[in-house]
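Notes follow the structure.
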Amino acid sequence: MKAISLQNPWAQLVVSGFKTVEAKTWSTDYRGELLICSKARSDKSLEKAVLDVIEEETDLAFEQDEFFVNGAVLGKVTLVDVRELTEDDLEESWMDPAELETAEAPLYAWVFENAEPIAEPVEVKGKPRLFDVELPADTVFVSFDDEDEIEYEREI
């Protein structure tokens, strides 16, 4: 299956359904199921800040070291669109507006739907761009029902 590596906290936010747009400096013609892998290293202070926002906006609390797993397949999404990123995408991409204003090249909005976390993360060595990953046959993904979806709003 096709996969992409993202740094945490962004990788975990994507597979948890909190983040539905990823800003990239490159585009792809690929559409369909996409594994989300976390890079081996993450930004611990940014992880903490993101958890604070989630807790404040949803009243959900997570332990940082349990919520963010690095160097693993965390889940899958459906990549439904890739287009030029606009101001309308900022909230769903968790971007600071200044990042869009100061971008030296066009940024692309990778639009995700159908987030499904993996029941047990699978260790994987990430690669740049899209790459192929073969998961064990017994891999289980957790689907969100409409009743389980977490509604939240936040200010950028």
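Between the amide H of Lys76 and those of Ile36, Glu116, Ile118, distances stay under 5 Å, these residues lying 5 or more places away or on another chain, with hydrogens modeled in the peptide plane. Each residue of segment 118-125 was assigned a 3J(HN,Hα) from its phi angle through the Karplus curve 6.51 cos²θ - 1.76 cosθ + 1.60 (θ = phi - 60°); the sequence is 8, 5, 10, x, 10, 4, 8, 8 Hz, with glycine and proline shown as x. With a ≥ b ≥ c taken as the square roots of the eigenvalues of the C-alpha gyration tensor of segment 49-150, please select rounded if a/c is under 1.5 and otherwise prolate if a/b is larger than b/c or oblate if it is not? Cα axes put segment 49-150 in the oblate bin. Under the rule a/c < 1.5 gives rounded, and otherwise a/b versus b/c splits prolate from oblate, where does segment 1-111 land using the Cα gyration tensor? It comes out oblate by the Cα gyration axes.
The chain: longest stretch without exposed chymotrypsin sites (Phe, Trp or Tyr not before Pro) (DSSP loop, at most 15 other Cβ within 10 Å), sites themselves excluded? Counting only loop sites that pass the neighbour cut-off, the longest clear stretch is 63-143.
Mean-square fluctuations from a GNM of the chain, with a 10 angstrom spring cutoff on Cα atoms, peak among Glu33, Glu57, Glu123 at Glu57.
Exposed loop sites were defined as trypsin sites (Lys or Arg not before Pro) in DSSP loop states (anything but H, G, I, E or B) carrying at most 15 other C-beta atoms within 10 Å; in the chain the longest segment without such a site runs 42-124.
Read-outs throughout are calculated quantities, based only on the coordinates presented, and are distinct from any laboratory measurement. Bear in mind that the values here come from a model prediction, so they are computed numbers and not experimental data. Neighbour counts run over all protein chains shown; Cβ positions are idealised from the backbone, glycine included.
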